[in-house]
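I have a structure here, written as structure tokens, and I will follow up with some questions on it.
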Amino acid sequence: MTRGLQILFFLAARIVVLFVLGLNVRRREWLPEHGPAVIVANHNSHLDTLVLMCLLPLSKLHLLRPVAAADYFLANRAMAWFSLNILRIIPIVRKPGERKEGAPGADPLAECHAALAAGEILILFPEGSRGEPEKMAALKKGIAHLAEKNPDAPVVPVFTHGLGKALPKGSFLLVPFFCDIFVGEPIRWPGDRAAFMEMLANRFAALAAEKAFAPWE
Amino acid sequence: MTQLSGMTPLQLAIAGIWAILILASIVVFALKRLQPERDHSELVSRTVSWWGMIALFTAAFLLSHTLSIVLFALVSFLAFKEYLSMIPTRRADRRVLFWAYLSIPVQYYWVADGWYGMFAVFIPVYMFLFLPFAMLLSQQTEGFLKAVGTLNWGLMLCVFSLNHAAFLLVLPVTGNTDPQAGAGLLLYLVFLTQFNDVAQYTWGRLFGSKPIVPVVSPKKTWEGFLGGLLTTTVVAVLVAPLVTPFDWQQAAASGLMIAAAGFIGDITVSAVKRDLGVKDTGSLIPGHGGIMDRIDSLTFTAPLFFHFVRYFHA
């Protein structure tokens, strides 16, 4: 039942994403075909999760697990049901002080490990929040811990541009823009966390420099 | 001629376009075979895209007028979205951009309704006056003039200009009660505009040496332009009896006008791209670039041809 609803929802989402927005995807073939794998992207908009989930074929939908903030996505019962059953998020409590033993999102890394062990594909936003639209913030290090514990899972960087223009934080009005989705070369675990974070930051910098984006201010 | 194999002139014209497409595809296939050492991938993807575009256009054309109007509205929407995605925009203007998008279905509704008076003024008068007002409400005056100027220009080019092509479908032509008269004129305009693009490109590739405006578009040459102008005019005279009420002088004039205006539309969009530092307006049509790269010439030929028809025959 929820699986059927999920497929219906993402069919509708695909129509909106492809028609209202329109994507220019470079190197789609680098996206993971199976788990375990981690897709990491910059975060500008609520559309990010949805668009990334629409990049893979519907037959892979059951493998996708976006990691999302519990304070927002589990804010009320309806939202929580939608987040857990349709988006199938792994909730994460962003402030360590608010994590309660046994509550959802209390040990986000453990759930991520379990998902990867089960051959799923995680979607992560290492900037931590959407922040200023179309500006990249420093990457948080949780992703390095995750990669260290799961050296077999490739980490695929994906840089998106335009989604923050179409639906920035704090707005409910969707304005159509073509969006760029640049997939970077998957990263294999290099052996230590500092080297991993440097590689990741470099990949994102290179992807962001691939095109001169139209100014937005 | 109209009785040929029981087809209407319009269907015959569409069949002719398919014949040209098939012939061109055979030439491309032969080129690939005869010159395997050269890279023909762009030519191949261009040809494949032509199949898609002509199939879509034929389907809409044969099914209904309304569907054709909807198809043109979609083309306007995609072109306008491409335009807004490549130009600098201001965050404060998001709401205004949304209003500008909303004007597309409204403007195309006037076409479906056949209301010429409103069609002719909605964007150039009402939207022209409304958009700067909507924009000043955010009270961000820095960059105001540039923002309102670029927005209006894009709306005129992608929506209002192109909209004229669709209005041909409902334009009453004097002394002609054939409901397909408008469709014939639209087909004539679109076919000649696209044919002229290909003709100028081909003449330019074969004999081009003297550039016309090298800073804007180094590949546009006098040889390509004049060769295209001549070919398009000859074709315009030849096919006019099939789908238009034109005598040969009018057909020749419209051929010359479409060839010249198409060229100007093409280099105008080239100038915009050069200003913005982009090569293509997008990546929607493989081998062609964006949708604006394909319809740039049509945005100039459509309003001129429309008023030419209206002046002489409506």
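Just so you know, all these numbers are worked out from the coordinates, no wet-lab data involved. Keep in mind it's a predicted model, so treat the numbers as computed, not measured. Note: ideal-geometry Cβ built from the backbone for every residue, glycine included; neighbour counts use all protein chains shown.
Take peptide B:276-283, look around each residue's Cβ out to 10 angstrom, count Cβ atoms belonging to other protein chains, and average those counts. Could the numbers behind the result be given before it?
On the way: counts 2, 2, 3, 0, 0, 1, 3, 7.
Average per residue, whole number: 2.
Can you tell me the FRET efficiency between B:Trp153 and A:Leu18 if r is taken as the Cβ-Cβ distance and R0 is 41 Å, rounded to the nearest 0.05?
Numbers: r = 27 Å, r/R0 = 0.67.
Efficiency, from the Cβ-Cβ distance: 0.90.
Decide, for the range B:1-105, between rounded, prolate and oblate: order the square roots of the alpha carbon gyration tensor eigenvalues as a ≥ b ≥ c, take rounded if a/c falls under 1.5, and otherwise choose prolate if a/b is larger than b/c, else oblate. If you can, show how the numbers build up before the last one.
Values: a/c = 5.52, a/b = 1.38, b/c = 4.01.
Verdict is oblate for the range B:1-105.
Given Cβ point charges of +1 (Lys, Arg) and -1 (Asp, Glu) and nothing else, what value in debye, to the nearest 20, does the dipole of chain B about its Cα centre take? Walk me through the numbers on the way to the answer.
Details: 19 positive and 16 negative charges, 122 e Å.
Approximately 580 debye in magnitude.
For the range B:1-88, which trypsin sites (Lys or Arg not before Pro) pass both filters: DSSP loop (anything but H, G, I, E, B) and at most 13 other C-beta atoms within 10 Å?
Values: sites: B:Lys32, B:Arg33, B:Arg38, B:Arg46, B:Lys81; in loops: B:Arg38.
Listed in order of number, the matching sites are B:Arg38.
Put a dot 7 Å past each Cα toward the Cβ at A:Ala195 and A:Leu8; how far apart are the dots in nm?
5.0
Next question. Work out how much length B:Arg91 to B:Leu34 would gain on full extension: take 0.36 nm times their residue separation and subtract the Cα-Cα distance, in nm to one decimal. All intermediate terms of the calculation are to be shown ahead of the outcome.
Numbers: separation 57, 0.36 × 57 = 20.52 nm, distance 5.31 nm.
Net length gain for the segment: 15.2 nm.
Return the long-range amide H neighbours of A:Ile90 (sequence gap of 5 or more, or a different chain), with a cut-off of under 5 Å between placed amide H atoms.
A:Val67, A:Ala68
Could you pull out the chymotrypsin sites (Phe, Trp or Tyr not before Pro) across the range A:151-217 that fall in loop regions by DSSP (anything but H, G, I, E, B) with no more than 12 other Cβ atoms inside 10 Å? Each step should come with its number before you reach the end.
Numbers: sites: A:Phe159, A:Phe172, A:Phe177, A:Phe178, A:Phe182, A:Phe196, A:Phe204, A:Phe213, A:Trp216; in loops: A:Phe172, A:Phe177, A:Phe178, A:Phe213.
Within the range A:151-217, the qualifying chymotrypsin sites (Phe, Trp or Tyr not before Pro) (loop, at most 12 other Cβ atoms within 10 Å) are A:Phe172.
I've got another one for you. Would you calculate the separation in nanometres between label points at A:Ser59 and B:Leu67, each defined as 7 Å from the Cα along the Cα-to-beta-carbon direction?
Inter-label distance under the simple model: 3.1 nm.
In addition: At a Förster radius of 41 Å, what calculated FRET efficiency corresponds to the Cβ-Cβ distance of A:Arg94 and B:Ala271, to the nearest 0.05? Show your work: numbers first, answer last.
Working: r = 48 Å, r/R0 = 1.18.
My answer for the efficiency is 0.25.
Which whole-Hz couplings ³J(HN,Hα) result when phi for each residue of the range B:32-37 is put into the Karplus expression 6.51 cos²θ - 1.76 cosθ + 1.60, θ = phi - 60°, listed in order with x for Gly and Pro?
These are the phi-based 3J(HN,Hα) values: 4, 5, 6, 10, x, 7 Hz.
Determine, for each peptide in B:177-189, B:98-110, A:9-21, the mean count of other beta carbons within 10 angstrom over its residues, then list the peptides with the highest first.
Numbers: B:177-189: 20.1, B:98-110: 17.9, A:9-21: 15.4.
Those peptides, ordered most packed to least, come out B:177-189, B:98-110, A:9-21.
Ok, one more. Just the Kirkwood number for the protein assembly as shown, please: inverse of mean 1/r across all distinct Cα pairs, in Å, one decimal.
Values: mean 1/r = 0.0386 Å⁻¹.
Value: 25.9 Å, from the Cα pair sum.
Among B:Phe128, B:Thr141, B:Val111, flag the residue with its Cα farthest along the positive direction of the charge dipole of the range B:65-167, charges on Cβ as +1 for Lys/Arg and -1 for Asp/Glu.
Towards the positive end, the residue furthest out is B:Thr141.
Please sort by residue number the trypsin sites (Lys or Arg not before Pro) in the range B:254-288 whose DSSP state is loop and whose Cβ has at most 11 other Cβ atoms within 10 Å. All intermediate terms of the calculation are to be shown ahead of the outcome.
On the way: sites: B:Lys273, B:Arg274, B:Lys279; in loops: B:Lys279.
When the trypsin sites (Lys or Arg not before Pro) of the range B:254-288 are filtered for loop state and at most 11 Cβ neighbours within 10 Å, B:Lys279 remain.
Would you mind telling me the antiparallel percentage of the DSSP bridges in the protein assembly as shown, rounded to 5?
Working: 8 of 27 bridges.
Around 30 percent antiparallel, to the nearest 5.
Kindly state, to the nearest 0.05, the FRET efficiency for B:Asp280 paired with B:Trp248, given R0 = 45 Å and r defined as their beta-carbon distance. Walk me through the numbers before you get to the answer.
Values: r = 38 Å, r/R0 = 0.85.
Computed FRET efficiency for B:Asp280 and B:Trp248: 0.70.
Of B:Ile26, B:Ile264, B:Ile291, which has the largest mean-square fluctuation in a 10 Å C-alpha GNM of chain B?
B:Ile26
Quick one: grab the alpha carbon gyration tensor of the range A:2-208, order the square roots of its eigenvalues as a ≥ b ≥ c, and give me rounded if a/c is under 1.5, else prolate or oblate depending on whether a/b is larger than b/c. Walk me through the numbers on the way to the answer.
Numbers: a/c = 1.31, a/b = 1.08, b/c = 1.22.
Rounded is the answer for the range A:2-208, as its axis ratio a/c remains below 1.5.
Just to be sure I understand: with springs between alpha-carbon atoms less than 10 Å apart, which residue in B:His164, B:His40, B:His65 has the highest mean-square fluctuation in the Gaussian network model of chain B?
It is B:His40.
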